[in-house]
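Notes follow once the structure below has been shown.
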Amino acid sequence: MDQVHEVVAGNRYPGRGVLWARTLGGALCGGYFLTGRSAASKARVLRRGDGGLIVAPTGELAHDPLRHYVAARERGGWLVFGNGGQVAMVSDRLQEGRTPTEATSGLAYEPDPPIFTPRITVAVDLHSGHDTWFGAARRSAGGRSAADVLTLAVRDLGPGDVVLMTTYRSDGHQVATGVPFLEARTGAADQDELLEEVWAALAPEFRVAMAVFEPGRLADAAIRHETAARV
């Protein structure tokens, strides 16, 4: 199985990515990263907020709901993270007692033709031994307007195991919807090493920000930015 840095480096422009891993030190870690091609997409930071991480604009840029959102939230026994406003929605649904499959149902991909960016979300049950679900709302390859919603349950990761989902697969020029999910290996001993391994594999001309965090310790997330701005 490929190492996670090889998988990431092989996808020149992955868009946004979520991952769930167990380090060689035994810790479970979630991760979220952003890459961008336009000036507006690059002018973003990951900022610590009330119980979560927020993707916010730098400088005086106006709020854009497709680019600025709660990227991770930890509340009521659930950790939820992903690439858009659906993170808050899924978190709220889980608080209502819905299952992860129910919480991610009905989600839509982004209204950004011609790419139609998938919505990707991870939900971690902090009370059940950290059972984890990946959810993705994707546009049909056949062009149907209704979203195809994928739910993937991930359990019992061994040391070094990584599950990864990205919005795109690209050579840096042509962009297509990413594959449903990927599995890889990491040699990282802890969250900081995992952050550095993936961050270094992202193409410098596209990378924007990344955070890696342990469940129950979102406030202690390790964060990197390509810009001079800092949280």
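Among the listed residues Arg224, Arg207, Arg185, Arg169, identify the single one that is closer than 17 Å to Ala27 by Cβ, of a type outside the set (A, V, I, L, M, F, W, C) and either crowded, with 16+ Cβ neighbours inside 10 Å or in contact with a strand residue (DSSP E or B) (Cβ under 7 Å, 6 or more places away or on another chain) (or both). Break it down stepwise before answering.
On the way: Arg224 fails: closer than 17 Å to Ala27 by Cβ; Arg207 fails: closer than 17 Å to Ala27 by Cβ; Arg169 fails: closer than 17 Å to Ala27 by Cβ.
Selected residue: Arg185, the only one of Arg224, Arg207, Arg185, Arg169 that is closer than 17 Å to Ala27 by Cβ, of a type outside the set (A, V, I, L, M, F, W, C) and either crowded, with 16+ Cβ neighbours inside 10 Å or in contact with a strand residue (DSSP E or B) (Cβ under 7 Å, 6 or more places away or on another chain) (or both).
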*Within the stretch 91-131, which residues are surrounded by 13 or more Cβ atoms within 10 Å (Cβ to Cβ), part of a loop (DSSP other than H, G, I, E, B) and in contact (Cβ under 8 Å) with a residue 24 or more places away in the chain?*
Ser105, Leu107, Ala108, Tyr109, Glu110, Ile115, Phe116, Thr117, Pro118, Leu126, His130, Asp131
_Suppose we keep only residues that are under 13 Å from the mean Cα position of the chain (by Cα) and more than 20 Å from Glu96 (Cβ to Cβ) within the stretch 49-77. Which one would you say is surrounded by the most Cβ atoms within 10 Å (Cβ to Cβ)?_
Ala71
*What are the residues in the stretch 27-51 that are within 22 Å of Leu182 (Cβ to Cβ) and part of a strand (DSSP E or B), if any?*
Leu28, Cys29, Gly30, Gly31, Tyr32, Phe33, Leu34, Thr35
*asked:* Being at pLDDT 95 or above, of a type in the set (A, V, I, L, M) and not in a helix (DSSP H, G or I) narrows it down to one residue among Ala62, Ala71; which is it?
replied: Ala71
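State all residues of the stretch 185-231 that are of a type in the set (Val, Ile, Thr) and at pLDDT 95 or above; if no residue qualifies, say none.
Step one: filter the stretch 185-231 for residues of a type in the set (Val, Ile, Thr), giving 186, 198, 208, 212, 223, 227, 231.
Those that are of a type in the set (Val, Ile, Thr) and at pLDDT 95 or above: Thr186, Val198, Val208, Val212, Ile223.
Does the stretch 12-26 hold any residues that are assigned to a loop (DSSP other than H, G, I, E, B) and either crowded, with 24+ Cβ neighbours inside 10 Å or touching an Asp or Glu at 6+ places or on another chain (Cβ under 6 Å) (or both), and which are they? Even if it seems obvious, please write down each step before you answer.
At the first step, the residues of the stretch 12-26 found to be assigned to a loop (DSSP other than H, G, I, E, B) are 12-15, 23-26.
Correct list: Arg12, Pro14, Gly15, Thr23, Gly25.
The values are calculated or read from the model by the stated rules, or taken from the named source; none is laboratory data. Predicted model, so just to flag it, every value in this text is computed and none were measured. FYI the Cβ positions are ideal-geometry reconstructions off the backbone, even for glycines, and counts take in every protein chain you see.
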